[in-house]
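Inspection log for the structure reproduced underneath, given as structure tokens.
Every number here is computed from the coordinates shown, using simple stated rules; none is lab data. All values reported here derive from a predicted model rather than from experimental measurement. Positions of Cβ are generated from backbone atoms using ideal geometry, with glycine treated the same way; all protein chains shown enter the neighbour counts.
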Amino acid sequence: MAISRRTLLTSAAAVGALSASGQVFAPAIAQNKPLRIGILAPRAGIAAAPGENGIRATQWAVERYNAQGGIAGRKIELVIEEESSPKDTIERFSKLVQQEKVDCVQGIISTGVGLALGPVVEESRALTIYWDGTTQDGVVEKIPNPRYLFRSTDNECEAIMSSLLTIKYWKGKFVTVAGINPDYSYGRNNMAAFIAVLKRFNIEHKVVTEQWPKVGTMDLTSHVAALKAAKPDLIFSSLLFADLPVFMKQAHAAGLTEGTKLVFPAAGWQHTLMKKEFTPEGMLFGHNTLYFANPNASSLAKEFVAWYEKTYKDYPEWEADRAYFAIASYKAAVEKAAKAKGGNWPSQDDIIDTMVGLSVESLGGKGSWRKDHIADQTFVQGLTTHKNNYDFVTLGTFETMYSTELQKPPGADFWEWIKTAQFKV
Amino acid sequence: MAAFANILVGGVFHAAVLFLVAAGLQLVFGVQKIVNLACGSFYALGAYFGITFIQYATQLGISPWLILPGLIISGILLGFIGPPIERMLRSVYGRDESFQLLLTFALVLMFQDVFKFVWGANPRALDSAYLIYGIIRTGDFSVPVYNLLVIAAAVVTAAGLGAFLQRTNYGRILRATAENRDMAEALGVDVRRIYSIVFTLGAVLGTTAGALVVPTAAASLDMAIEFVIEAFAVVVIGGLGSMRGALVGALIVGLIRAYSIVFFPELEVLAIYMIVIAVLIFRPAGLFGRSLA
């Protein structure tokens with residue numbers, strides 16, 4: 001069929017107008033070339049379940065975006081690689097960047113892997129967005145001023161929120177405190193942060209025992225016996241892998257949960273395994289940045305939870321939100337930067353610069369990127385209830401806090417910040 | 001006093017499960033001279049399959065009170081995996097130990113993928129079973145009856161294995177084969193059959209241990225590796241190939257772990273491996289092992 005000059009000009013004008021309106025993007029280069037996003041997430045081992053949560057949320061988002069034309073007019077292709085040991089993950093990251101030529105890398109759950117990978121990201125100059133794995137230890141030394149790396153909220157946010165809620169709900173109702181936390185930087189820092197906040201508010205307390213089971217310990221009967229022997233008024237625990245429901249089950253059997261106040265900031269990672277049978281009501285329970293049953297959730301979140309339930313017969317936890325936030329903010333940054341360039345595909349530097357200060361609606365609520373490339377997100381914690389249609393606990397009373405209230409400002413030292421921060425209780 | 005009793009029972013419970021896995025390891029090494037790293041995978045398989053078995057049994061209307069025997073049956077049923085795996089291991093009999101270790105470690109990794117494929121990456125639990133038999137409470141002392149039943153099952157297994165090996169003709173044949181394979185074969189013993197049976201028995205001890213422990217814990221992809229390391233500590237302390245050694249070694253590891261968790265929580269692992277190192281230095285063959293000339 002012959003195309004007349006008039007038809008051609010009309011079509012070109014229409015495309016130009018649509019581009020300028022910002023609704024449909026027509027990048028000058030590589031419009032037909034798919035946008036490749038590399039995902040590094042654990043699919044085996046102790047973090048396999050959250051890894052799957054993140055991957056599923058990313059796939060859901062990509063399916064939706066592709067149905068709407070992709071990101072700035074380019075369809076998205078995912079290249080998924082395994083997050084495992086730091087060494088192997090670094091090799092897979094290099095493969096994604098050098099061989100697969102991905103436009104952006106997203107993922108990472110482990111702090112150890114995240115710390116080791118950080119300098120490699122900077123050296124490779126490849127835009128990378130972490131889902132999780134950002135405890136305080138070693139960050140300043142290893143990744144002081146990242147340019148290409150965007151990291152999730154500080155892992156200690158949930159401990160700070162739990163500490164504040166403990167004071168709000170139970171001030172004056174406990175003295176003896178016990179801890180059972182995983183024996184690595186996350187568990188150690190969370191317990192230390194909890195105690196630091198109690199000190200900050202001059203809460204009288206006495207730590208009677210601190211237990212540090214290795215991650216994945218499945219027989220915690222001796223730890224439960226040790227906690228019971230210490231007779232604490234309150235137990236703080238950031239257990240979050242498969243050992244968490246095991247602990248609850250064994251603690252319940254030993255009568256440890258009766259009359260003891262329980263503060264579990266990270267329990268939401270295993271929320272569907274926290275069965276009513278052994279998880280009491282009134283326990284302080286953290287869902288981090290995604291509470292699947294939040295009655296105030298956005299229609300986007302409700303749609304996602306319904307899809308997740310229908311597809312996987314399961315309910316998502318916060319790693320799904322972290323992954324969604326990563327891809328949603330990348331999409332928003334690319335499209336904003338492309339719009340600023342009149343529809344031309346933006347450079348990686350343009351995208352990075354646009355990410356800073358950008359705010360998007362994630363599954364768990366609002367999220368944004370700070371100038372130091374650390375995320376701010378919305379956190380949910382509250383007291384457990386059995387009044388629901390599930391066989392596991394959900395939240396009765398709960399609170400929502402934005403992480404600007406929970407994490408140190410850019411450049412500050414976390415432990416010094418706790419001593420002077422103006423917390424709202 | 002109640003605290004002491006709680007810790008003691010916790011330690012003995014851990015020792016009971018460790019004994020079952022270590023006993024399988026000992027039996028296989030004692031007779032076949034194979035260091036079977038996959039014993040941890042049998043333990044994990046027992047846990048996963050136990051959950052599925054009980055879920056189906058519950059759907060069929062089996063009384064919850066039959067959960068414990070049901071789990072034991074599910075562990076025994078898994079014995080069918082023993083002969084084909086033993087058949088595969090024949091290729092490394094008599095070869096360097098590194099071949100055996102590599103092959104059995106490959107089995108560990110393969111099993112992990114099978115678990116992920118069949119049961120998914122999420123930890124699986126059997127929640128309704130643990131407290132069905134009740135809890136014994138006296139003052140501050142409390143222990144779930146289920147834990148006591150698992151301890152009893154381990155004691156019965158230890159006694160049964162001892163009687164089988166010492167007092168039955170088949171046990172004598174097994175010991176004779178362990179002692180001198182060629183001589184046993186020359187005397188008409190079907191060594192291949194013996195190996196197959198021993199390996200299956202070792203696997204059943206592991207799968208039964210996993211099935212028994214799952215109501216108190218959860219089945220997860222890493223449980224195989226986690227447990228096999230402790231089982232090897234038991235074997236080093238007790239002596240490779242010795243059933244009495246497995247029993248005493250499991251008790252030592254279980255109790256040291258329990259008391260160090262209470263009094264020196266930071267030193268839980270160190271305390272166990274200090275004993276392991278001491279045994280390796282002062283009694284390299286283990287407390288009940290025979291030194292290799």
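Worth pointing out:
- As a proxy for reagent exposure, ranking A:E416, B:E268 by other Cβ atoms within 10 Å from fewest up yields A:E416, B:E268.
- Within chain B, the whole DSSP H helices whose Cα atoms reach 18 Å or more along their own axis and whose mean Kyte-Doolittle score is at least 0.0 are B:2-32, B:39-59, B:97-119, B:145-167, B:191-213, B:223-238, B:243-263, B:268-282.
- Choice from B:S196, B:S242, B:S98 showing the highest fluctuation, given a GNM over chain B with Cα pairs closer than 10 Å: B:S98
- Converting phi to 3J(HN,Hα) with the Karplus coefficients 6.51, -1.76 and 1.60 and the offset θ = phi - 60°, segment A:39-55 yields 10, 10, 8, x, 10, 9, x, 5, 9, 4, 5, x, x, 5, 4, x, 5 Hz in sequence order, with x at every glycine or proline.
- Each residue of segment A:287-296 is assigned a 3J(HN,Hα), and the resulting list reads 9, 6, 9, 8, 9, 4, 9, 5, x, 8 Hz, derived from the Karplus form 6.51 cos²θ - 1.76 cosθ + 1.60 (θ = phi - 60°), x at Gly and Pro.
- Rounded to the nearest 10 degrees, the angle from helix A:111-124 to the longest Cα principal axis of chain A is 30 degrees.
- Taking amide H as placed 1.01 Å from N in the peptide plane, the amide H of A:G216 sits under 5 Å from that of A:D243, each at least 5 places away or on another chain.
- Across segment B:2-282, the relative contact order, built from alpha-carbon pairs under 8 Å that are at least six residues apart, equals 40 percent.
- For segment A:263-389, the share of DSSP beta bridges that are antiparallel, to the nearest 5, is 85%.
- Sequence-distant residues sharing a close amide H with A:I235 (under 5 Å, placed H): A:A178, A:K261, A:L262, A:V263
- Contact order, relative form, for chain A: 17 percent (alpha carbon pairs under 8 Å, 6 or more residues apart, mean separation divided by residue count).
- With each label modelled as a point 7 angstrom along the Cα→C-beta vector, the A:T311-A:N296 pair spans 2.8 nm.
- Ordering A:V105, B:V108, A:V425, A:V121 from the fewest to the most neighbouring beta carbons within 10 Å gives A:V425, B:V108, A:V121, A:V105.
- Sorted by Cβ neighbour density within 10 Å, fewest at the top, the residues A:I160, B:I136, A:I167, A:I351: B:I136, A:I167, A:I351, A:I160
- Sparse-neighbour loop sites [trypsin sites (Lys or Arg not before Pro); segment A:279-351; at most 11 other C-beta within 10 Å; DSSP]: A:K313
- The distance separating the Cα centre of segment B:52-69 from that of segment B:1-42 comes to 26 Å.
- Put simply, the amide H of A:I71, placed in the peptide plane, has neighbours under 5 Å in A:I76, leaving out anything fewer than 5 places away on its chain.
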